[in-house]
Amino acid sequence: MNYAIDAEGLVKTFAGKPALDGIDLRAREGTVLGVLGPNGAGKTTAVRILATLQHPDAGSARVGGHDVVAEPAKVRELIGLTGQYASVDEKLTGTQNLVMMARLLGLGRSRARARAAELLERFGLTEAAGRTASGYSGGMRRRLDLAVSLVSAPSVLFLDEPTTGLDPHARSELWSVVRELVADGVTVLLTTQYLDEADQLADDIVLIDRGKVAASGTPAELKAMAGGHVLEVKPLRREDEEKAMSILGTGSLSLPVHDLSVPPAVLRKLDDAGVVLAEHALRLPSLDDVFLTLTGAAK
């Protein structure tokens with residue numbers, strides 16, 4: 001199998017504390033690898049190593065077949081990177097941001113302007129091309145930032161929490177762009193705290209917790225780890241929530257269900273305890289449940 005990203009045993013320590021503690025990451029060509037984890041899990045550190053911005057203390061990584069430590073220049077020719085916050089120059093127009101990047105990458109003046117026009121059209125920014133980026137909405141800035149990362153037509157794209165701070169509409173727009181890129185053969189490594197985002201986009205997922213891989217697999221495989229179903233309850237009275245959580249025994253108002261005889265028994269216990277429910281539902285597990293099951297926290 002051909003891997004666009006192939007990392008094994010990555011270790012990185014800061015001030016004596018491991019940010020990465022021997023993680024493996026593999027992304028098949030033309031797919032999305034979702035890297036999930038709470039704040040401080042090590043997601044951004046992994047991206048920075050794969051993008052040649054930091055060296056690992058141990059382990060190895062290859063991107064597009066090139067070693068990130070021994071052949072950083074080769075790796076940089078293949079990749080694009082978009083961080084958590086838009087890095088465009090707000091004093092420049094959309095066109096100027098893209099032309100500047102194209103010129104820095106060695107394109108001639110006319111080719112740089114042509115490439116800028118191509119990307120502005122692709123990302124629906126043609127009408128705003130002459131406006132300074134400071135006047136763009138958050139979603140428009142993210143699209144421009146992504147366009148800048150694609151000036152060199154990378155075959156591997158790192159998206160480090162790209163929808164942080166975006167409203168649902170802007171997030172959906174960015175998701176559509178990612179799907180189009182993958183359809184064109186681009187390999188994407190996506191780090192995110194938004195579980196629905198990984199569920200929507202990722203072909204494979206690696207869950208990192210405290211610098212280690214807690215689980216990996218397809219979204220369906222990870223959901224299966226959380227149990228066949230999930231029982232959710234919502235007490236009518238807020239003061240009954242702690243009592244309900246105690247009966248469920250999970251520290252939350254949801255319970256992984258492996259035996260379908262359990263929900264009726266739990267509901268009877270809640271009734272016997274005087275807990276009146278406003279709602280209750282039995283559903284299939286989500287990636288939120290995977291976090292709860294494997295890390296003990298929803299995020």
Problem - Cα→Cβ-extended label distance, 7 Å offset, between residue 234 and residue 122, nm - result: 4.2
Exercise for the section: Calculate I(q)/I(0) for the stretch 1-100 by the Debye formula, one identical point scatterer on each C-alpha and no solvent, and give its log10 at q = 0.18 Å⁻¹ to two decimals. Expected result: -0.90
Practice task
Would you compute, from DSSP H runs of 4+ residues alone, the mean residue ellipticity of the chain at 222 nm, taking -39500 (n - 2.57) per run and dividing by the full residue count, rounded to the nearest 500?
Solution key: -11000 deg cm²/dmol
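Counting Lys and Arg as +1 and Asp and Glu as -1, what is the net charge of the other residues whose Cβ lies under 12 Å from the Cβ of residue 58?
Here the charged neighbours net out to -2.
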Practice task
Under 15 Å from the Cβ of residue 9, count the other residues' Cβ atoms, weight Lys and Arg +1, Asp and Glu -1, and hand me the total.
Solution key: -2
Fill in the blank from the handout: Rounded to 0.05, the calculated FRET efficiency for the beta carbons of residue 183 and residue 246 at R₀ = 41 Å is 0.25
Handout entry: Principal axis box of the stretch 20-67, alpha-carbon based, largest edge first, Å
Key = 28, 24, 18
Completion exercise
Distribution output for the stretch 101-218: share of Cα-Cα pairs per 5 Å bin in percent, first bin at 0, values 2, 10, 19, 21, 19, 13, 8, 5, 3, 0
Exercise for the section: Using a 1.4 Å probe over the heavy atoms of the protein chains, calculate the carbon and sulfur portion of the accessible area of the chain as a whole percent. Expected result: 50
Handout entry: Distance violations [Cα-Cα > 18 Å] among 12/212; 12/74; 12/223; 17/43
Key = 12/74; 12/223
Handout entry: Largest-first principal axis extents of the Cα set of the stretch 150-292 (Å)
Key = 65, 28, 27
Completion exercise
Once both label points are put 7 Å beyond Cα along the C-beta direction, the residue 172-residue 109 separation in nm becomes 4.4
Fill in the blank from the handout: Within the set 28, 179, 122, GNM on the chain using Cα springs under 10 Å gives the largest fluctuation to 122
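Would you mind putting 258-271, 197-210, 53-66 in packing order, based on average other-beta-carbon counts within 10 Å, highest first? Intermediate results must be reported in sequence, preceding the final value.
Numbers: 258-271: 12.6, 197-210: 21.4, 53-66: 17.4.
Per-residue Cβ counts within 10 Å, averaged per peptide and sorted highest first, yield 197-210, 53-66, 258-271.
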Handout entry: Pairwise FRET efficiency - residue 132 versus residue 74, Cβ, R0 = 51 Å, nearest 0.05
Key = 0.90
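Can you give the translational diffusion coefficient of the stretch 46-160 in µm²/s, computed by Stokes-Einstein from the Kirkwood radius over Cα pairs at 20 °C and 1.002 mPa s? Display every interim value, and only then the final one.
Values: Rh = 14.8 Å.
It diffuses with D of about 145 µm²/s by this estimate.
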Problem - Accessible area expressed per residue, the stretch 1-108, with surrounding protein chains retained (probe 1.4 Å, Å²) - result: 49
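Report the antiparallel proportion of the DSSP beta bridges in the chain as a percent, rounded to a multiple of 5. Show your work: numbers first, answer last.
Working: 32 of 50 bridges.
Counting DSSP beta bridges with both partners in the chain, the antiparallel share is about 65 percent.
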Problem - Relative contact order of the chain, defined on C-alpha pairs under 8 angstrom at six or more residues apart (%) - result: 20
Problem - Label selected from (1) 20.0; (2) 18.5; (3) 16.5, the criterion being mean projected area of the Cα convex hull in nm² as computed here - result: (2)
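The values are calculated or read from the model by the stated rules, or taken from the named source; none is laboratory data. Since this is a predicted model, take the numbers as computed values, not measurements. Virtual Cβ from ideal backbone geometry, glycine too; neighbours counted across all protein chains shown. When the accessible area is computed, the model is the full protein with side chains, heavy atoms only, and any ligands, DNA or RNA have been set aside. Shrake-Rupley method; radii C 1.70, N 1.55, O 1.52, S 1.80 Å.
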